[in-house]
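The values are calculated or read from the model by the stated rules, or taken from the named source; none is laboratory data. As the structure is a computational prediction, the values presented were derived from the model and not from experiment. Reconstructed Cβ throughout: ideal geometry from the backbone, glycine too, with neighbour counts over all protein chains shown. Please note that ligands, DNA and RNA were not included when accessible areas were found on the heavy atoms of the full protein model with its side chains. Shrake-Rupley method; radii C 1.70, N 1.55, O 1.52, S 1.80 Å.
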Amino acid sequence: MCARNHAILLDVGRVLDETERRIAAVLMASPRASWRTVASVLGLSERTVVRRAAPLLHDGTLRPTAIRNPARFPRMIPMALRIRCRPSRIKAIAAGLARRPDTVWVDILGGGDEISSILFLDGPRARTSLLLRDLPATADVRSWDAYDLMKVFPAGFAWSAGLLPTGLFGSLAPILREPRDAPEIQPLDDALIDQLAANARASYGDLAARLATSASTVRRRLDVLVSAHMVRLACEVDLGLLGIHADALLWIATGPGRLEATGHQLSRHPQVRFAAATTGAANLLVALAAEDLGGLYVFLTETVGSIDDVRGLEVTRILSSVKRTGLMRPSEI
């Protein structure tokens, strides 16, 4: 276990103040942004930014990380799972799922007997092993549904909980720019991505020392990977600390002719942190982060309600998050 994943105790009911939230938003857009850049964007002094941000990084409130983009790795199979299991075993099953290196998200849903997970599987054999061996062999798993993610809408990655203007976030987030041609992956690249997953703010010098190469080589390969959208840099933060208390998954069925437009439209909404087109009866999965149940209701009635050709909708509240963006939550470490 890397040093920064030490046990973290967050104060129950704690909420980041306005300055801390804005700093978090900039790091969500650009996890490797220099303190000078963060200060310039927010109109604060560099000293203030360092004084407020450093403790949040040190105690794990903000967790800079990185994940591969499966759309740029042909072998990878991105999948959404819904697993129904015995309620008395749900925490243990979710924790076991979260310990798998191929799980990106693991959430316990509001009924207390269902788990939702996003996985990036290493090829067809890994997919077959999961569905025909691992899940059937897991005690107290009753049934499951598996859906391939056909397309992830990138605008959903440009999420700042509404704390930054869209234009400003877009200028900071490389994922919103047109990708360069995918490069040929070098042996160093996989090791570099793994190091960034542990700490996306590690300096070029630190990364070079761990990878036994030069800082200039690390900088060059990282620029290539990010500009080609091979890797997505991210910064995880507990949504409750941002004042978000109605976290939900929406399973939307829309007509095939409207799927592309609907996915793009919803992915650009400031409350949407993830949107993907999926296989299955519901062909659009949306992860929503609303301030409260009132905000969730408004999103459903006004935003979703105004979209043409919505043929079905299921809303599942997230009861507990076990893993996000490839990182186990502090209580599970």
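When segment 257-313 is limited to residues that are of a type in the set (S, T, Y) and surrounded by fewer than 19 Cβ atoms within 10 Å (Cβ to Cβ), the one that is nearest to V104 (Cα to Cα) turns out to be T279.
Checking segment 140-149 against the condition returns a match, with at least one residue being at pLDDT 85 or above, part of a loop (DSSP other than H, G, I, E, B) and surrounded by fewer than 15 Cβ atoms within 10 Å (Cβ to Cβ). Residues of segment 32-82 that are β-branched (V, I, T) and open to solvent by less than 30 Å² (accessible area, probe 1.4 Å): V38, V49, T61, T65, I67.
Restricting to segment 57-78, name every residue that is within 26 Å of G240 (Cβ to Cβ) and free of Cβ contacts under 8 Å to residues at least 40 places away in the same chain. First the steps, then the outcome.
Residues of segment 57-78 that are within 26 Å of G240 (Cβ to Cβ), as a first pass: 57-67.
Correct list: H58 only.
Give me the pairs: first residue in segment 293-317 and farther than 13 Å from Q271 by Cα, second residue among the polar types (S, T, N, Q) and part of a helix (DSSP H, G or I), beta-carbon distance under 9 Å, and six or more apart or on different chains, which are they? Once the first residue is farther than 13 Å from Q271 by Cα and sits in segment 293-317, its partners that are among the polar types (S, T, N, Q) and part of a helix (DSSP H, G or I) give I307/T262; I307/Q265; D308/T262; D309/T262; V310/T262. The set of residues from segment 70-94 being modelled with pLDDT of 95 or more and not in a strand (DSSP E or B) comprises R86, P87, S88, R89, I90, K91, A92, I93, A94.
The set of residues from segment 226-272 being part of a loop (DSSP other than H, G, I, E, B) and either of a type in the set (D, E, K, R) or without any contact (Cβ under 8 Å) to a residue 40 or more places away in the chain (or both) comprises D238, R268, H269. The condition (being part of a strand (DSSP E or B), under 24 Å from Q195 (Cα atoms) and open to solvent by less than 60 Å² (accessible area, probe 1.4 Å)) is satisfied by just one residue among L97, L119: L119.
Looking for something farther than 30 Å from S40 by Cα, modelled with pLDDT under 95 and of a type in the set (A, V, I, L, M) - is there at least one such residue anywhere in segment 152-160? Checking segment 152-160: at least one residue is farther than 30 Å from S40 by Cα, modelled with pLDDT under 95 and of a type in the set (A, V, I, L, M).
Which is open to solvent by 40 Å² or more (accessible area, probe 1.4 Å), modelled with pLDDT of 95 or more and in a helix (DSSP H, G or I), of R201, R210, R221?
Values: R201 fails: in a helix (DSSP H, G or I); R221 fails: open to solvent by 40 Å² or more (accessible area, probe 1.4 Å).
Only one candidate qualifies: R210.
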